[in-house]
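The values are calculated or read from the model by the stated rules, or taken from the named source; none is laboratory data. Computed from a predicted model, the values in this text were never measured in an experiment. Quick reminder, even Gly has a Cβ in these numbers, built from the backbone with ideal geometry, and neighbours come from all protein chains shown. Accessible surface is based on the protein model in full, side chains and every heavy atom, while ligands, DNA and RNA are left aside. Shrake-Rupley method; radii C 1.70, N 1.55, O 1.52, S 1.80 Å.
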Amino acid sequence: MGEIVKKNLPIEKKEMTRDQAIQLFQQKGEKFKVEIIQDIPASEAITCFQHGEWLDLCKGPHVERTGEIKAFKLLSSASAYWRGDEKRDRLQRIYGTAFTSQKDLEEFLERRKQAEARDHRKLGKELDLFSTMEELGPGLILWHPKGARIRKSIEDFWRESHVKGGYEIVYTPHIANRDLWKTSGHLDFYQDSMYSPMDLDGQDYQLKPMNCPFHIQIFKTQLRSYRDFPLRWAELGTVYRYERSGVLHGLLRVRGFTQDDAHIFCRDDQLESEVAQVLDFTFSMMKTFGFSDFEVYLSTRPEKFVGTDANWEHATSALKQALESRKIKYEIDPGEGVFYGPKIDVKIRDVIGRAWQCSTIQVDFNLPNRFELEYVSDDGTRKQPIMVHRALLGSLERFFGVLVEHYAGLFPTWLAPVQARIISISEKVVPYVETILEKLKAQGVRAEADVSNEKLGSKIRSAELQKVPYMIICGQKEADQGKVSVRSKKKGDLGVMVVEDFISLITSEITNKN
Ligand code: ZN
């Protein structure tokens, strides 16, 4: 690479037809590239780039000359199945990067090192939070007790906020008669992501890939009136979707996951205020989880769509108005809406600047139509309600993965699986340690005691490695005075205080989620 850079060769773009490109790569014996070219629509031009003798398929763009590359590095290589399909050839994938200055390269490498240290799969193992295993099947998550404690805190907070926000909580089954997915249309356009049906009493049943049709069925159990709206129904609904094993990735891409789903059924005139409320809800929830930097996108009508022009115009302008009423900066993603309606996506930025897609708010003209939803309007006629799908966290699995990486495993106290660890300095203070443990537990604090015979230094190190927010150290002096010596993982040594003061410090931190 150094030599190629030194030669400062021009990089030239070559356009060719599909047939020319197929012929060229067939001659070179490049069967994978031939396959890629065959997938490109015939109407699109095929581009290659060439410098010196080297010519390869590439969409571009490129630097104009090889000499513009001032710094480069080979990063890693890994084996990967062709197109993520484990039944196909196994290839070697080589990762590398190039920059226009050494400084930029170094900054990139530093960010990358930080990201590796935060990898949720690595921390998940070290902190005993979750696992995946081949014996179980890839992409299926086992939540260990400590991971489950965090998940429970997230779920409790989520449910509580939803009830406060005017939602009703619902629960729906994991399987249903396959006819439901015929009506919803999922069998037509989503079948590749769905698992095979199972036979029950001569009927086909289907593992659910989505919760929506169930909420619709609840809607249909009664004749609804315009006065009933908005209906806001939320569910932590576990769904199963087929993903190729080659693309599965820790908690971020899995085959079974729990969406923090909700559906809002409302009238036309309520859409804007409902969306605005969901936006407020999204930002306040994300802030509680420690995210304050957002990117917002409004996706408009794609080429293939259902619904009328009037439907789309009304809904798109309602989404726009909602964003503008909240003075939210957003970008328009033209044509990136779902075929059934426009949507708003919110990405959160983590502490090292990576953006993660979590929240989505989607208007749907399709399902109300397919399921023939209606309500009695104020003039007595039957009308179709508007349906909005929304998820704030996206899925609990994925969001948890993002949280682990954002905090590098050092969770804020309200989420930490162990919030305080009480450490004894000597055998004699063990009864004292136990009374403190009971007091903390009685206040709902997730506390544990380390009364092992290990040296103090190694007990402290172990609590540090487990990223426990508070370490409470008890020696004879503390026991005699009814006090504790407190160390905060984030703020360092907080000194000696009476037990009750520590309890009020930690419980207020947990309650306020700060
Ligand atoms: Zn939905």
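Taking the criterion of being open to solvent by less than 10 Å² (accessible area, probe 1.4 Å) and within 16 Å of the ligand (Cβ to nearest atom), the residues of the stretch 338-357 that qualify are Gly341, Pro342, Ile344.
Strands (runs of 3 or more DSSP E) wholly in the stretch 135-218 with at least 2 residues that are open to solvent by less than 60 Å² (accessible area, probe 1.4 Å) and of a type outside the set (Lys, Arg) - which ones?
Fully inside the stretch 135-218 and qualifying: 175-177, 203-207.
Selection of the stretch 219-249 for residues being part of a loop (DSSP other than H, G, I, E, B), within 16 Å of the ligand (Cβ to nearest atom), under 30 Å from Val376 (Cβ atoms) and touching a helix residue (DSSP H, G or I) at 6+ places or on another chain (Cβ under 9 Å) yields only Pro230. The condition of being modelled with pLDDT of 95 or more, of a type in the set (Asp, Glu), closer than 30 Å to Ile510 by Cα and over 21 Å from the mean Cα position of the chain (by Cα) holds for only one of Glu155, Glu168, Glu160, that being Glu168. A count restricted to the stretch 366-387 and to residues that are away from the ligand (no atom under 13 Å from the Cβ), part of a loop (DSSP other than H, G, I, E, B) and open to solvent by less than 30 Å² (accessible area, probe 1.4 Å) stands at 3.
Would you check if Gln481 is farther than 30 Å from Met286 by Cβ, among the polar types (S, T, N, Q), outside the structural domain of Glu160 (by TED's automatic domain parsing) and touching a Ser or Thr at 6+ places or on another chain (Cβ under 9 Å)? Lay out the reasoning, then the answer.
On the way: farther than 30 Å from Met286 by Cβ: yes; among the polar types (S, T, N, Q): yes; outside the structural domain of Glu160 (by TED's automatic domain parsing): yes; touching a Ser or Thr at 6+ places or on another chain (Cβ under 9 Å): no.
It is false that Gln481 is farther than 30 Å from Met286 by Cβ, among the polar types (S, T, N, Q), outside the structural domain of Glu160 (by TED's automatic domain parsing) and touching a Ser or Thr at 6+ places or on another chain (Cβ under 9 Å).
Close contacts from the stretch 311-330, counting a first residue that is over 15 Å from Gln277 (Cα atoms) and a second that is hydrophobic (A, V, I, L, M, F, W, C) and open to solvent by 70 Å² or more (accessible area, probe 1.4 Å), with Cβ to Cβ under 9 Å and a gap of 6+ residues or different chains, come to Trp312/Phe305. Selection of the stretch 447-494 for residues being in contact with a helix residue (DSSP H, G or I) (Cβ under 8 Å, 6 or more places away or on another chain), part of a strand (DSSP E or B) and acidic (Asp, Glu) yields Glu448, Asp450. Does His62 satisfy the criteria of being part of a loop (DSSP other than H, G, I, E, B) and either in contact with a strand residue (DSSP E or B) (Cβ under 9 Å, 6 or more places away or on another chain) or open to solvent by 70 Å² or more (accessible area, probe 1.4 Å) (or both)? So His62 passes the test.
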